[in-house]
Amino acid sequence: MKSIRFFHRRYNFTSNQKDRSRCERSLMHSLRIVTEANTAKQFEWDENLSDSNLIWLNGETSPLNSLSDEHKEQLLFTTAPTPLVRNHTKLQTRHRQYRKKIKTAITAEYKNGNDAAAKLLEEILDSSGHVSYSKIELFKTMVMSRKNQRVKMLETYLDAHNQTQSRPNLNCTFIQEGIFKIPHQWKVTNEQVSLHEYVDFTVKFLTQHFPDYPIKMVIGHDDERDAEENTGAHTHYFLSARNTITGEFDLLRSQKIVVNQYIENVGLKDKALPVDADLSVEQRKFFGEMFQKMVFDYANQNLFKQKGLIAELAPETERRSKQRQKMNQEAKLPKSQREFNFHNLMLKKQQEQLVELEHQVMNSEQKLEESNLRLNIIRGELMMLEDKQREVKKKHVVLSNQVQELRAEKQTLLMTLRTFNDELLSKLTAFCSNFFMAVHTNDLGYQDKARRFLEQAINTLWSLPEPLRLKAKALVNHLSSQSIDGRHERSQQNTNER
């Protein structure tokens, strides 16, 4: 079993002006009546969730939003303590006139065969004291001639009749409002206990304990919460303080009797409370505690245990806490002025969400700063890479230019080499040709021709590159020495011949 708290509170409204105003404000809240004069009430609930609200009326449960604004205002008028009667003489005259009209209508309905409607009208005429307005709703269900006219006639008669009857003492409770609710913090969702079950429980509790007192209405609210929570459903009931049997406004006396019966059942008979005397402060406190225990026992037996829940009274330390005392004091204020109301609950939740968002923003800003730092580092590294890339590009351009220059130089050298080779070949050819002719003519003994060819070869020799020039020079020197030796031999030969 899951232990929970169960909130129940009663508010007694008398016929004095202050209580009547308080009761009307409470009814406007419960019936979800918003006017230009009280637009602040819309902050007491979430309009987007109001379709879930219920109302029990005359034995039937239906969506609260199915009632028209006019019907809601009529319920407020017929439920709240009526103000002091003004223009009493006019009301008496109207009462006599419409009493006569009803007698005429009774005769007509009997004649038309509408006996049920006629008998109900007779019953109302024979009633003394206050007549319940629920008779009008019953009358509407019956067959009759000129129905709209008859209903309007009865409404006017009852209005005049009830205002001219004897009224309760101004300090006597006229109607009692009660609330049943599991507070949000106990996390009991509508899936565990539905709003229909709350309404049925409320009707059953009141009918069983106070059967002689009409239940004006029971209203179930499921719109005083955050859309994501699905907790906090509750009921408001409005119980007439007038006994249907005696006609007396003695609900509080009957509640003492019922509580005394409970006290006796739990073995505390010696602590029974006086029924016809005012209670002392201690007795009122004890009465309240016993009433609460009676409610808790009944709720556990008829609602919670089958759900795996058990309602327990708060410990004494919790009941005496400053927060609980503050809530008790604020219970006397209009709902819009209480700290623990729907509007402030939403504000608190929004503030918590704001704090969470601010925390998320701080984390995001910190992450953003870290990201910016990393980004700056990356940008710095990128700039360095871009500088290196520019340097590489510059070097590449330089190298490309150098390559082009080298290629041009190579081409020039190749052309020069070709030219040089051509010239060298021509010179070598000339040298070799002259040298060969020098050798050939020398061998033939034509010394002069050999010398001329050799001189031409020597002239060509100086235009040859040095390595070739050296080799060519050696050949020339060798040929020259041979020529000298030859001339010497021929000179000796000539001498000998002489």
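A short reminder: the numbers here are calculations on the coordinates, not readings from a lab. Keep in mind it's a predicted model, so treat the numbers as computed, not measured. Counting neighbours? That spans all protein chains shown, and the Cβs are built from the backbone with ideal geometry, glycine included.
Overview of values
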quantity: Candidates per GluC sites (Glu not before Pro) in the stretch 161-265, loop by DSSP, up to 13 other Cβ within 10 Å; calculated: Glu191, Glu228, Glu229
quantity: Between helix 17-31 and the chain: long-axis angle, C-alpha atoms, 0 to 90°, nearest 10; calculated: 50
quantity: Fewest-first sequence of Met153, Met294 by Cβ atoms within 10 Å of each Cβ; calculated: Met153, Met294
quantity: Rg(Cα) / (2.2 N^0.38 Å) computed for the stretch 348-497, rounded to two decimals; calculated: 2.96
quantity: Leading residue at positive end of dipole, the chain (Cβ point charges), from Leu138, Asn53, Thr104; calculated: Thr104
quantity: Dipole moment magnitude, nearest 20 debye, the stretch 172-270 about Cα centre, only Lys, Arg, Asp, Glu C-beta charged; calculated: 460
quantity: Selected from Leu454, Leu368, Leu399, residue furthest toward positive end of dipole (the stretch 348-497; charges at beta carbon); calculated: Leu454
quantity: Matching label, Kirkwood radius over Cα pairs in Å computed from the structure shown, candidates (1) 22.5; (2) 33.0; (3) 29.1; calculated: (2)
quantity: Degrees, to the nearest 10: 115-126 long Cα axis against longest axis of the chain; calculated: 70
quantity: Given charges at beta-carbon only (K, R positive; D, E negative), |dipole| of the stretch 1-136 in Debye; calculated: 760
quantity: Computed lengthening from Gln351 to Glu73, 0.36 nm per intervening residue step minus Cα-Cα distance; calculated: 96.5 nm
quantity: FRET efficiency estimate (nearest 0.05) - Cβ-Cβ, Ala227 to Glu365, R0 41 angstrom; calculated: 0.85
quantity: The chain: relative contact order in percent, alpha carbon pairs under 8 Å with at least 6 residues between; calculated: 16
quantity: Among Val275, Val199, Ile219 - extreme Cα towards positive end, dipole of the stretch 157-287, charges at beta-carbon; calculated: Val275
quantity: The chain - mean residue ellipticity at 222 nm from DSSP helices (-39,500 (n - 2.57) per run, n ≥ 4, rounded to 500); calculated: -21000 deg cm²/dmol
quantity: The stretch 348-497: relative contact order as a whole-number percent, Cα under 8 Å and 6+ apart; calculated: 14
quantity: Tilt relative to the chain, helix 281-299 - C-alpha long axis, 0 to 90 degrees, to 10; calculated: 70
quantity: Cβ-placed point charges (K, R +1; D, E -1), dipole of the stretch 98-142 about Cα centre in debye, nearest 20; calculated: 240
